[in-house]
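Student: To start, I am sharing the structure in question, which I have written as structure tokens.
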Amino acid sequence: MIRAIRGAITVDCNEIEGILTATERLVKEMASNNRVSPIDIVSVLISTTADINACFPAAALRRIEEWSYVPVMCMQEIEVPNALEKCIRVMMTVMTNKQQHEIYHVYLEKAVQLRPDLQK
């Protein structure tokens, strides 16, 4: 069956290496915590707040061995007043036998405040 795994992370500044490192860390943790391999991933959608534009975060996935065929797309989040800044959000769609309540969603750094109810 198909399930979605959510995740988010913040970065300290709008710099290429920091964005790529944070994105790579997030997607690796999402896959690892849910025991998902690249062959199980249907697609990955990545959004960023408007203050992140130094690079495409999707480029981080190309740095991960065996992830070269995973379809990835980037987009910008809508601007909402007082929203969390410098945030990268990920929705990873995967093939899995897990039930929805068994999915482990990953929120790192300041992004933990987005969904404290999902922290395990």
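Student: Would you point out the residue of the range 31-63, among those that are farther than 27 Å from residue 99 by Cα and β-branched (Val, Ile, Thr), that is surrounded by the fewest Cβ atoms within 10 Å (Cβ to Cβ)?
Tutor: Residue satisfying both the conditions and the ranking: 49.
Student: Can you tell me which condition residue 21 does not meet? The list is (1) modelled with pLDDT of 95 or more; (2) of a type in the set (Ser, Thr, Tyr); (3) surrounded by fewer than 12 Cβ atoms within 10 Å (Cβ to Cβ), and all the others hold.
Tutor: (3)
Student: Could you check how many residues of the range 1-34 are without any contact (Cβ under 8 Å) to a residue 40 or more places away in the chain, among the β-branched types (Val, Ile, Thr) and not in a helix (DSSP H, G or I)?
Tutor: From the range 1-34, those without any contact (Cβ under 8 Å) to a residue 40 or more places away in the chain are 15-18, 21, 28, 32; that's our starting set.
Remaining after also requiring among the β-branched types (Val, Ile, Thr): 16, 21.
Those still in the list that are not in a helix (DSSP H, G or I) too: none.
Looking only at that region, the number is 0.
Student: Looking only at the range 42-77, how many residues end up being farther than 20 Å from residue 93 by Cβ and modelled with pLDDT of 95 or more?
Tutor: Matching residues across the range 42-77 total 7.
Student: Within the range 88-102, can you find the residues that are within 28 Å of residue 78 (Cβ to Cβ) and among the polar types (S, T, N, Q)?
Tutor: Correct list: 93, 100.
The values are calculated or read from the model by the stated rules, or taken from the named source; none is laboratory data. None of the values given here were measured: they were computed from a predicted structure. All Cβ positions, glycine included, derive from the backbone under ideal geometry; neighbour counts span all protein chains shown.
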